[in-house]
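Heads up, the thing below is written out as structure tokens.
The values are calculated or read from the model by the stated rules, or taken from the named source; none is laboratory data. Given the structure is predicted, the values throughout are model-derived calculations rather than measurements. Ideal geometry is used to build each Cβ from the backbone, glycine not excepted, and the neighbour counts take in all protein chains shown. Side chains included, ligands, DNA and RNA excluded: accessible areas come from the protein's heavy atoms. Shrake-Rupley method; radii C 1.70, N 1.55, O 1.52, S 1.80 Å.
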Amino acid sequence: YLYRLTETNAGCSAYSDVAVTFYAQPVAYAGESGSVCDSLATVVATASVGSGAWSKQSGPGNAIFSGSSNPSSSVTVSQYGTYIFMWTEINGLCSSADTATVNFYRQPVADAGSGGKQCDLQFVTSAVPSSGTGTWSMVIGTDTTLFANPNDYATSLSVANTGTYIFQWEEVNGICSSSDEIIVNFYPQPVASAGNDTSISLGDLA
């Protein structure tokens with residue numbers, strides 16, 4: 001806007017102009033916080049006025065934006081963990097900023113190891129841990145199962161009855177999870193009995 005000040009004195013006059021620029025105040029919104037099972041996420045801001053830019057405020061590693069000036073941008077981090085990203089909008093001399101928190105979790109890949117055949121009612125698991133917290137559980141079985149430590153990837157377990165059992169090893173890391181199963185067959189242990197000992201004479205073999 002251009003404003004003019006005019007002064008008059010009798011038949012004389014003079015004026016002076018001044019320009020004033022009015023800017024709309026940005027209202028930054030960085031979008032919802034959230035969690036992902038990856039090192040790659042998408043941040044989605046809502047643009048208002050002016051120009052905007054993404055930046056990392058905190059986090060354990062580096063962050064690379066596919067388009068830092070794009071309200072909707074993918075971001076890749078170098079380490080898993082919790083990051084705070086800021087969306088800043090500038091319009092002339094006016095500015096506004098908002099943040100969104102993103103948790104990056106490593107996706108577990110559960111490996112329950114090998115099942116097997118047992119001639120008793122006990123078995124030792126052999127899962128391969130990846131990330132997060134793992135837990136053993138019985139999926140199918142003829143009776144209850146007792147785990148020495150259900151969170152131990154290599155735990156001993158015992159069942160009450162013989163039969164075919166399916167055990168599941170599930171790993172949970174934040175919102176991310178993965179599971180794998182093994183089959184264990186428990187057989188009754190044979191008890192051999194050859195009868196009573198005896199003595200015979202060589203001529204009595206017939």
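Overview of values
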| item | result |
| --- | --- |
| Derived scalar couplings ³J(HN,Hα) [region 157-171; Karplus, 6.51 cos²θ - 1.76 cosθ + 1.60; whole Hz; x for Gly, Pro] | 9, 9, 10, 8, 9, 6, x, 9, 10, 10, 10, 10, 10, 10, 10 |
| Dipole magnitude (debye, nearest 20) for the chain, charges at Cβ of Lys, Arg, Asp, Glu | 740 debye |
| Relative contact order computed over region 36-112 (Cα-Cα under 8 Å; 6+ residues apart), in percent | 36 percent |
| Most positive-pole-ward Cα, Ser72, Ala47, Tyr153, against dipole of the chain from beta carbon charges | Ala47 |
| With at most 16 other Cβ atoms within 10 Å, longest stretch of the chain clear of loop chymotrypsin sites (Phe, Trp or Tyr not before Pro) (DSSP) | 24-206 |
| Percent RCO, i.e. relative contact order, over the chain, from Cα pairs under 8 Å lying at least 6 residues apart | 17 percent |
| For Tyr23, residues with placed amide H under 5 Å, excluding near neighbours | none |
| Amide hydrogen neighbours beyond the local backbone of Gly116, cut-off 5 Å, H modeled | Ile183, Val184, Asn185 |
| Rounded percent of accessible protein surface that carbon and sulfur make up, the chain, 1.4 Å probe | 51 percent |
| For Asp38, solvent-accessible area (1.4 Å; no DNA, RNA or ligand), Å² | 70 Å² |
| Long-range amide H partners of Ser33 with built H, under 5 Å | Thr101 |
| Per residue accessible area of region 57-152, 1.4 Å probe, in Å² | 53 Å² |
| Kirkwood hydrodynamic radius (C-alpha pairs) into Stokes-Einstein, region 34-117, 20 °C and 1.002 mPa s, D in µm²/s | 151 µm²/s |
| Hull-based mean projected area of the chain, where the convex hull spans the alpha carbons, in square nanometres | 21.1 nm² |
| Estimated vicinal HN-Hα couplings, Hz - region 78-88 in sequence order (Karplus 6.51, -1.76, 1.60; Gly, Pro = x) | 8, 9, 6, x, 9, 10, 10, 10, 10, 10, 10 |
| Rounded to whole Hz, the Karplus (6.51, -1.76, 1.60) HN-Hα couplings of region 89-106, x for glycine and proline | 10, 10, 9, x, 8, 9, 8, 7, 9, 8, 10, 9, 9, 10, 9, 9, 10, 6 |
